Protein chains: 2
Amino acid sequence: MPKSKRLMELMMTVNRKRRFKVQELADEFGVSKRTILRDLQELSELGVPLYSEVGPHGGYQVLRERVLPPIAFTEGEAVSMFFAVHALRHYSSLPFETESASALNKFYLHMPGDIRDRIDSMKDRVDFITPARRGDAPCLSVLLDAAIQGKVLVVQYESKEEGSHNRMIQPVCIYANNGLWYCTAYCFLRRGFRVFRCDRIREASYEATEVEPIELSDIRASRQGAATPREPVRLRAEFTRAGIQRCESELWLAPMLVVREDGSGWIDTEVARSDLPFFTEFFIALGKETVLQEPAELKNSIRQRLAELLERYE
Amino acid sequence: MPKSKRLMELMMTVNRKRRFKVQELADEFGVSKRTILRDLQELSELGVPLYSEVGPHGGYQVLRERVLPPIAFTEGEAVSMFFAVHALRHYSSLPFETESASALNKFYLHMPGDIRDRIDSMKDRVDFITPARRGDAPCLSVLLDAAIQGKVLVVQYESKEEGSHNRMIQPVCIYANNGLWYCTAYCFLRRGFRVFRCDRIREASYEATEVEPIELSDIRASRQGAATPREPVRLRAEFTRAGIQRCESELWLAPMLVVREDGSGWIDTEVARSDLPFFTEFFIALGKETVLQEPAELKNSIRQRLAELLERYE
DNA sequence: ATAATGGTGACAAGTCTTGTCATAAACTCA
DNA sequence: TGAGTTTATGACAAGACTTGTCACCATTAT
């Protein structure tokens, strides 16, 4: 095998196995140890961050920095990747530390000049906005780690109602929505799946929890479990065109909407009775853009609420 | 220069200049044409998509696909990039066509096995959610292109009030927010900067507009121009803790909020009189979580609105 | 037709690569 | 302490690979 090809393959190989001995590679490539040593030095000069230790149990290592093999990207692909990573700057907290910033930088610096020009001309013209929020979420990486490894955490959670207290939870997944991070987790206190706002989790640690982690083979099942409504109540309402447009902004509502040709529409679904206070506010906010047909119970609570408000503003 | 190094440099060079002749490179590298030809063939075998045409005015070209030079990414950087691009799948429309999907795929396939494992274990655990919206925005790439090149477009816009009609606009920038795409543009009809919802732009074309594009050297100035309030009215209000939390979800409001230690807070700012109808609805939606202090005008309109609603639900 | 440009094969000169050997240094473990 | 393991470096000859040259072909624009 000619040297140039061997170097390329060597690069892939050392990236695959992060630790290796010279003899190993020599056998694998059918060349002498001396040759491999020389090759490794060249790779090193080319930027692959190799580190070696002598002695028994020694050997070579690739440091955390690894060279990805060269990839053929479309110009458009490269641009897409750039803006995707660029969008992450809106997040004040990320589960991957600050590494996206340096990735962006490296990516940008390695671009051929004309692509870089194109990016420059687009940089001020395109953006994926995420609302910048105050709440930092300091525990994201711990939560993610626990989710991946299926471990139980003790967290200090500051809930809306009860103030700050400790809970044991087993994270399932974390996600960002509308500028805030949330964590779905099994809560050992409440014995069920709950969603936690990550910025309200002040501390999280693995410390000696004797609780056995539960089995989470099917994540989706657990998610659904969290959402099953009890005490269903039928909800029917008409929406004007403007009403529909506003409803479409609501994640949970959009899938249940039925839209007519002319843009207006309606909803006919079952909701949990315990959610009625929420719907009271929701329908009030919709103002004249809706006509509520059912349930009477909701109409009543809306009337009552409106009367209270009116009194407040008198 | 040894061959292996020359190959690497050659890769960079052909990526920089997308069209070139063999003789050119031969001079540049101080080797013969024959050697360059052989090298180019090797690059080709390595995946660089070269294309050549014979004859005068012929020469080599790198096709739209280009090999980015190998970049040293931290493991964390690679993972961040993956999830950043992964998040784009939530968007039903993008200004860069479908190229992010293929970028993601290539990226994933080229990862060393253990990083791929790590990504797999994280894929169901982390997400950047963007509300999935119905409205497709078919014209994004045209709008972006016009913004970059400073051209005037004729668009068919379906506005909330006036239905569908044509306008001439000069796009400034486009951005995604909460699942919808918006375009800031100079509107020649209204003679000022306006924000358009891209999914309401049915068609956009360059066709023979004799209108001269305006100068947009400073984009930020133009953005501000769009936001300067006329007929300012002083707005003062108190918010409970829960009220503050809801206000923080509002992008335009968050910067003006003042938050106290205990989580409650207030606002004291100037708004345009023309926005009062909007604030009427906004404060009604806030319910009991706020106490409006000023202006009386707004209080009146809220009262009136509440009374109307109450009647509706009677 | 002519000139420009890429494409291929053959071959000798010579450069670069490789394996071997010797030696050193650092480290582990018994 | 000493034996064994592993990286590290230098020297050198054999030889594998690379290079330049040259001859020739194919295609295409002018």
Find the residue count for region B:18-36, including only residues that are surrounded by 14 or more Cβ atoms within 10 Å (Cβ to Cβ) and in contact (Cβ under 8 Å) with a residue 12 or more places away in the chain. 9
Could you grab me the full set of residues in region B:247-280 that are at pLDDT 75 or above, open to solvent by 60 Å² or more (accessible area, probe 1.4 Å) and assigned to a helix (DSSP H, G or I)? B:MET256, B:ARG273, B:SER274, B:ASP275, B:PRO277, B:PHE278
Restricting region A:44-55 to residues that are within 12 Å of DNA strand C (Cβ to nearest atom) and at pLDDT 85 or above, the one surrounded by the fewest Cβ atoms within 10 Å (Cβ to Cβ) turns out to be A:VAL54
Considering (1) closer than 11 Å to A:LEU235 by Cβ; (2) open to solvent by 70 Å² or more (accessible area, probe 1.4 Å), say which one A:GLN304 fails and leave the rest. (1)
Any residue that is closer than 24 Å to A:ALA307 by Cβ and out of contact with any Leu (no Cβ under 9 Å at 6 or more places or on another chain) - is there at least one of those in region B:256-270? no
Residue match in region A:18-25 (condition: within 14 Å of chain B (Cβ to nearest Cβ) and away from DNA strand D (no atom under 16 Å from the Cβ)): no
For the list (1) more than 9 Å from chain A (Cβ to nearest Cβ); (2) more than 16 Å from DNA strand D (Cβ to nearest atom); (3) over 23 Å from B:GLU99 (Cα atoms), I need the number of the one condition that B:SER32 fails. (2)
Reported set for region A:162-179 where residues are within 24 Å of B:ALA176 (Cα to Cα) and buried (at least 20 other Cβ atoms within 10 Å of the Cβ) is A:ILE174, A:ALA176, A:GLY179
From A:VAL54, A:VAL48, A:VAL31, A:VAL22, grab the single residue that is β-branched (Val, Ile, Thr) and under 20 Å from B:ALA78 (Cβ atoms). A:VAL48
Going through region B:72-101 in order, the residues found to be without any contact (Cβ under 8 Å) to a residue 40 or more places away in the chain and not in a helix (DSSP H, G or I) are B:ALA72, B:PHE73, B:THR74, B:THR98
Evaluation of A:SER4 against (1) touching a residue at least 12 places away in the same chain (Cβ under 8 Å); (2) touching a helix residue (DSSP H, G or I) at 6+ places or on another chain (Cβ under 7 Å) (one fails), failing number: (1)
Condition test on B:GLU24, is it under 24 Å from A:LEU46 (Cα atoms) and more than 7 Å from DNA strand C (Cβ to nearest atom)? no
Considering (1) open to solvent by less than 60 Å² (accessible area, probe 1.4 Å); (2) within 12 Å of DNA strand D (Cβ to nearest atom); (3) outside any loop (DSSP other than H, G, I, E, B), say which one B:LEU104 fails and leave the rest. (2)
Tell me whether region A:60-74 contains one or more residues that are open to solvent by less than 70 Å² (accessible area, probe 1.4 Å) and over 29 Å from B:ALA84 (Cβ atoms). yes
What number of residues in region B:7-17 are within 13 Å of DNA strand D (Cβ to nearest atom), open to solvent by 20 Å² or more (accessible area, probe 1.4 Å) and either more than 16 Å from A:PRO112 (Cβ to Cβ) or among the charged types (D, E, K, R) (or both)? 1
Single residue of B:PHE29, B:PHE83 found to be under 30 Å from B:ILE119 (Cα atoms), modelled with pLDDT of 85 or more and not basic (Lys, Arg): B:PHE83
Any chance region B:263-271 includes a residue that's within 8 Å of chain A (Cβ to nearest Cβ), touching a strand residue (DSSP E or B) at 6+ places or on another chain (Cβ under 9 Å) and not β-branched (Val, Ile, Thr)? no
If we scan region B:161-172, do we find a residue that is at the interface with chain A (Cβ under 7 Å from one of its Cβ atoms) and of a type outside the set (Phe, Trp, Tyr)? no
Looking only at region B:59-66, decide whether some residue is small (Gly, Ala, Ser), within 13 Å of DNA strand C (Cβ to nearest atom), in contact with a strand residue (DSSP E or B) (Cβ under 8 Å, 6 or more places away or on another chain) and in contact (Cβ under 8 Å) with a residue 12 or more places away in the chain. yes
Going residue by residue through region A:30-50, is there one that turns out to be β-branched (Val, Ile, Thr) and within 34 Å of the chain's Cα centre (by Cα)? yes
Would you check which residues across region B:181-195 are of a type in the set (Phe, Trp, Tyr) and out of contact with any helix residue (DSSP H, G or I) (no Cβ under 9 Å at 6 or more places or on another chain) and list them? B:PHE188
Looking at B:LEU63 and the list (1) touching a Leu at 6+ places or on another chain (Cβ under 8 Å); (2) among the hydrophobic types (A, V, I, L, M, F, W, C); (3) at pLDDT 80 or above, which single condition is not satisfied? (3)
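The values are calculated or read from the model by the stated rules, or taken from the named source; none is laboratory data. Computed from a predicted model, the values in this text were never measured in an experiment. For neighbour counting, all protein chains shown are included, and Cβ atoms are generated from backbone atoms with ideal geometry for every residue, glycine included. Accessible surface areas use protein heavy atoms only, side chains included; no ligands, DNA or RNA. Shrake-Rupley method; radii C 1.70, N 1.55, O 1.52, S 1.80 Å.
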